[in-house]
Amino acid sequence: MTMKGDGPDRDHQRPEGVTDETVEALGSLSKALETTERARGHLYSFHQLTGTADFELDRAVRLLREAGRPEWAEMVRTQVLGRNVIPGHWTFQIVEAYDSTYYQPFKDLAHAAVEELADGRDHLYEAELKEARRTVGHPDHTARSDTTREPDTSARERNQSTTDLRQGTPQA
């Protein structure tokens, strides 16, 4: 199986003069930003779950009234429904503060670092890791989506190669 034009695209090749240490540092910065993206997602989950709970309180208030417990319905309505989650803030305000105080400055700094230190080429660490780990020439280990495979290579043939290897059958 031969591949035509296999190899990383220009945007994922290390620019001249960029050191291993710089690539590793940018990879670590990228990983930290990705972790922050996940944290931000959890913050949005907190926001949505808290809002869902607050709307469910409307039902609880109605059901307490229907159950003949208007004093409890009123306590839920006045003590919990619509309450700040921290002094002066609903969850949307926490999300906004996180975005403006931490997330956006971090994202901007990470982008600026890639622009200045790697000529704007993002994910160099991952691209080099991919090159080190993929099987060059294997049609399912191509460097880019636009890499073409020989027309006679079918998915069944590629999968059979993998099956043969698992069964210990040497390939010709």
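Residues that are in contact (Cβ under 8 Å) with a residue 24 or more places away in the chain, over 30 Å from Y44 (Cα atoms), open to solvent by 70 Å² or more (accessible area, probe 1.4 Å) and in a helix (DSSP H, G or I) do not occur anywhere in segment 131-148.
Residues that are modelled with pLDDT of 95 or more and more than 18 Å from V18 (Cα to Cα) within segment 101-156 comprise T101, Y102, Y103, Q104, P105, F106, K107, D108, L109, listed in sequence order.
Considering T91, T22, T52, the condition of being in contact (Cβ under 8 Å) with a residue 24 or more places away in the chain, β-branched (V, I, T) and farther than 30 Å from T142 by Cβ is satisfied by T91 alone.
The values are calculated or read from the model by the stated rules, or taken from the named source; none is laboratory data. Note that the structure is predicted; figures quoted are calculated from it, not measured. Using ideal geometry, Cβ is built from the backbone for each residue, glycine included, and neighbour counts are taken over all protein chains shown. Please note that ligands, DNA and RNA were not included when accessible areas were found on the heavy atoms of the full protein model with its side chains. Shrake-Rupley method; radii C 1.70, N 1.55, O 1.52, S 1.80 Å.
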